[in-house]
Amino acid sequence: MRLDGKTAIVTGGASGFGRGIVDTFVAEGARVLIADRDTEGAAKVAAAQGCDWAAMDVARADDWAALTERAMADWGRIDVLVNNAGITHLPQPMEEVSEEEFDRVLTVNAKSVYLSARTVVPRMKAVGSGAVLNVASTAGVSPRPNLNWYNASKGWMITATKAMAVELAPHGVRVNCLNPVAGDTPLLASFMGEDTPEMRAKFLATIPLGRFSTPQDMGHAATFLCSDEAAMITGVGLEVDGGRCI
Ligand SMILES: NC(=O)c1ccc[n+]([C@@H]2O[C@H](COP(=O)([O-])OP(=O)(O)OC[C@H]3O[C@@H](n4cnc5c(N)ncnc54)[C@H](O)[C@@H]3O)[C@@H](O)[C@H]2O)c1
């Protein structure tokens with residue numbers, strides 16, 4: 001029960017890595033609020049785990065304001081925020097990604113962190129404690145070709161994590177990020193372009209431990225970084241990547 005009594009918002013908790021984080025957080029004693037634009041999926045996970053859910057688009061300031069108010073009304077404090085919801089453009093040469101697609105990726109992956117900082121972070125500062133975890137990617141550390149603007153959005157997230165960590169440390173708020181390697185979630189097909197055995201083998205060949213990451217891997221790493229066991233850890237980007245970035 002490493003998160004016993006803690007309250008946690010997990011964006012994108014209806015699927016993939018977010019779901020793994022929700023499952024582990026609940027098992028470790030946290031009270032969890034899933035925030036996702038997929039209302040059906042969020043309701044299903046919440047029912048399975050006995051936690052709460054809210055419809056939200058992480059790219060919308062109004063949604064962040066409403067989510068924060070809801071969490072404060074329900075709990076009175078927000079101990080943990082996991083900025084996990086994210087999207088990608090399809091693999092293609094950088095100059096072929098449309099401006100619309102670029103804006104969408106940057107708004108969901110990067111601006112969402114800024115928006116969360118405007119609503120959730122002040123609540124953490126007010127009580128002098130909190131843990132923020134951004135789900136970035138190995139893409140921000142060791143980019144693959146043809147995912148250029150996705151890679152850059154995750155690099156932004158890693159720098160935002162460090163910048164937030166140094167500014168928020170005097171306020172007792174820790175900020176870290178996870179850098180997952182390719183995981184077998186619904187998003188994987190978008191990274192690969194085509195979900196074929198050959199393409200999977202190509203991705204796997206770059207991971208020394210020889211497998212894709214799992215939602216459970218993210219759940220375990222997230223639990224550690226958001227728990228009091230990591231009380232001296234802030235500004236860290238933790239690769240959960242089977243050695244891919246070595
Ligand atoms: N799967 C991978 O290979 C991989 C690798 C590295 C990093 N990541 C990152 O991990 C995070 C989770 O990815 P995943 O693989 O679990 O994806 P996923 O598609 O399985 O789940 C993403 C969840 O986020 C939600 N979401 C998307 N846009 C949203 C928005 N605007 N507002 C609210 N909710 C939104 C979706 O509804 C979904 O429930 C992402 O940030 C992704 O970039 C994934």
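The values are calculated or read from the model by the stated rules, or taken from the named source; none is laboratory data. Not measured: the values here are computed from a predicted model. Cβ placement follows ideal geometry from the backbone for every residue including glycine, while neighbour counts extend to all protein chains displayed. All accessible areas refer to the heavy atoms of the entire protein, side chains included, with ligands and DNA or RNA removed. Shrake-Rupley method; radii C 1.70, N 1.55, O 1.52, S 1.80 Å.
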Q. Inside the stretch 94-113, can you point out the residues that are touching a helix residue (DSSP H, G or I) at 6+ places or on another chain (Cβ under 6 Å), within 15 Å of the ligand (Cβ to nearest atom) and either among the β-branched types (V, I, T) or not in a helix (DSSP H, G or I) (or both)?
A. V105, V113
Q | Residues located in the stretch 72-89, provided they are away from the ligand (no atom under 14 Å from the Cβ), closer than 19 Å to G172 by Cβ and of a type outside the set (G, A, S) | A | M72, W75, R77, I78, D79, V80
Q: Within the stretch 1-13, track down each residue that is near the ligand (Cβ under 9 Å from one of its atoms) and out of contact with any Cys (no Cβ under 9 Å at 6 or more places or on another chain).
A: T11, G12
Q. Among the listed residues A35, A61, A65, A55, which satisfies the condition of being of a type in the set (A, V, I, L, M), modelled with pLDDT of 95 or more, open to solvent by 60 Å² or more (accessible area, probe 1.4 Å) and under 24 Å from R104 (Cβ atoms)?
A. A55
Q. When residues of the stretch 14-53 are filtered for being more than 10 Å from the ligand (Cβ to nearest atom) and outside any helix (DSSP H, G or I), how many remain?
A. 10
**Q.** Pairs where the first residue, in the stretch 60-83, is of a type in the set (S, T, Y) and the second is open to solvent by less than 20 Å² (accessible area, probe 1.4 Å), C-beta under 6 Å, 6+ apart
**A.** T68/V120
Q.
Please go through the stretch 157-171 and give me each residue that is away from the ligand (no atom under 12 Å from the Cβ) and touching a residue at least 12 places away in the same chain (Cβ under 8 Å), ordered by number.
A. A160, T161, K162, M164, A165, V166, L168, A169, H171
Q: Mind telling me which of the residues K162, K202, K154 ends up being among the basic types (K, R) and under 20 Å from G13 (Cβ atoms)?
A: K154
Q: Take the residues in the stretch 114-138 that are crowded, with 24+ Cβ neighbours inside 10 Å and within 11 Å of the ligand (Cβ to nearest atom), then tell me which one is farthest from the chain's Cα centre (by Cα).
A: T138
Q: Test each condition in (1) of a type outside the set (S, T, Y); (2) out of contact with any Cys (no Cβ under 9 Å at 6 or more places or on another chain); (3) not in a loop (DSSP other than H, G, I, E, B) for D57 and report the one that comes out false.
A: (3)
**Q.** Hey, A222 part of a helix (DSSP H, G or I), touching a Pro at 6+ places or on another chain (Cβ under 9 Å) and either open to solvent by 30 Å² or more (accessible area, probe 1.4 Å) or more than 10 Å from the ligand (Cβ to nearest atom) (or both) or not
**A.** no
Q: Could you pull out the residue among Q92, Q49 that is of a type outside the set (G, A, S) and under 27 Å from G155 (Cβ atoms)?
A: Q92
Q) Restricting the search to the stretch 133-159, which residues are within 19 Å of E96 (Cα to Cα) and either β-branched (V, I, T) or out of contact with any Phe, Trp or Tyr (no Cβ under 7 Å at 6 or more places or on another chain) (or both)? A) P143, R144, P145, N146, N148, Y150, N151, A152, S153
